[in-house]
Amino acid sequence: MRIATPGNTAELIRKHGFSVRKKYGQNFLVDASMLEKIVDSAQIGADDTVLEIGPGLGGMTQLLAERAGHVLAVEIDSALIPILGETLAEYPNVDLVNEDILKFDLKAYAREHGTERFKVVANLPYYITTPILMQLLEGDAPIESITVMVQKEVADRMQVGPGTKDYGALSLAVQYRAKPVVVAVVPPECFLPRPGVDSSVIRLEVYDKPPVEVRRPDHMFRLIRASFNQRRKTLANALSGDPSLGLTRERVQQALEEMGLSAMVRGETLGLQEFARLSDAL
Ligand code: SAM
């Protein structure tokens, strides 16, 4: 039985006496045509392995399993596991793991299962959207594309550049690794229970080669995070104020001046190319 309709979802919840957990960001997608649109945009074929984060009741998982060769579904809420056992009973190509995605070792899983590349598809839990995306984008797990439902304002943040209030570490992490394309804007009525905000489906096509060269991407991202953690401070103060970086204010100011920038700039005015050059210089 297809789960992603308002009637079937409500009936499943009632039958299992399941209480929806707000703390896990549980808003189940119950609009079958929106679901179809999301899965279509993820461009999944029989050779693909899909990582679904938070399968919930299994509505999206069913559709993914019909199209993909293999689906790895990682769900934190153990109360959902018996329900998923029922809704996914007819899909032997789903590997269901009861774990926190932020603690899950995707690289080790890929090694053990001989997975070359994952396509990530998810209706993400909104309370941890940014950490999940940062982990996927900054880690070196083999990911081909990421198609996810997020809060509309988070999707907006992924696409902006310097000089806008939404610009931040997430914008830079996304733009270093992928090209973001908004697939759909999704109203609250498509979910049960309904969230208080509009949502967007965004597709990130991961580049084979990043658009800028940097010797140590991990170092660049540490600089980026430190500068946006204290975004009201000058870059020199923000970076020298993070002891893990081991930088003095003078050192940062000198590097900025050598790049032709003011020693008083804030991180939020620098683009990806400038963070890459600064990282190499430091
Ligand atoms: N995929 C389902 C759907 O579209 O109807 C459910 C989406 S719901 C917005 C988010 C799901 O992520 C929930 O099932 C929730 O329990 C799960 N979740 C929340 N935090 C998680 C975490 N840290 N790791 C794995 N799953 C998580």
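Looking at the structure I just gave you, is residue 181 surrounded by fewer than 20 Cβ atoms within 10 Å (Cβ to Cβ) and in contact with an Asp or Glu (Cβ under 8 Å, 6 or more places away or on another chain)? So residue 181 passes the test.
Please go through the range 202-221 and give me each residue that is closer than 22 Å to residue 123 by Cα and among the hydrophobic types (A, V, I, L, M, F, W, C), ordered by number.
Residues of the range 202-221 closer than 22 Å to residue 123 by Cα: 202-206.
Across the range 202-221, the qualifying residues are 202, 204, 206.
Note down all Cβ pairs under 9 Å where the first residue falls in the range 186-201 and is farther than 20 Å from residue 120 by Cβ, the second is assigned to a helix (DSSP H, G or I) and aromatic (Phe, Trp, Tyr), and they're at least six residues apart or on different chains. Close Cβ pairs satisfying both conditions: 195/126; 197/126.
Of the residues making up the range 49-77, those that are closer than 15 Å to residue 93 by Cβ and either touching a Ser or Thr at 6+ places or on another chain (Cβ under 8 Å) or more than 6 Å from the ligand (Cβ to nearest atom) (or both) number 19.
For residue 150, are the conditions met, namely being within 16 Å of the ligand (Cβ to nearest atom) and touching a residue at least 60 places away in the same chain (Cβ under 8 Å)? No. Counting only strands (runs of 3 or more DSSP E) wholly contained in the range 137-231, the ones carrying 3 or more residues that are under 25 Å from residue 116 (Cβ atoms) and at pLDDT below 95 occupy 178-186.
Yes or no, residue by residue, for (1) at pLDDT below 95; (2) acidic (Asp, Glu); (3) touching a strand residue (DSSP E or B) at 6+ places or on another chain (Cβ under 8 Å):
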| residue | (1), (2), (3) |
| --- | --- |
| 25 | no, no, no |
| 28 | no, no, yes |
| 47 | no, yes, no |
| 56 | no, no, yes |
| 61 | no, no, yes |
| 65 | no, no, yes |
| 72 | no, no, yes |
| 97 | no, no, yes |
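Taken across the range 233-252, residues that are in the same structural domain as residue 126 (by TED's automatic domain parsing), hydroxyl-bearing (Ser, Thr, Tyr) and not in a loop (DSSP other than H, G, I, E, B) do not occur at all.
The values are calculated or read from the model by the stated rules, or taken from the named source; none is laboratory data. As the structure is a computational prediction, the values presented were derived from the model and not from experiment. Every residue, glycine among them, receives a Cβ derived from its backbone with ideal geometry; neighbour counts consider all protein chains shown.
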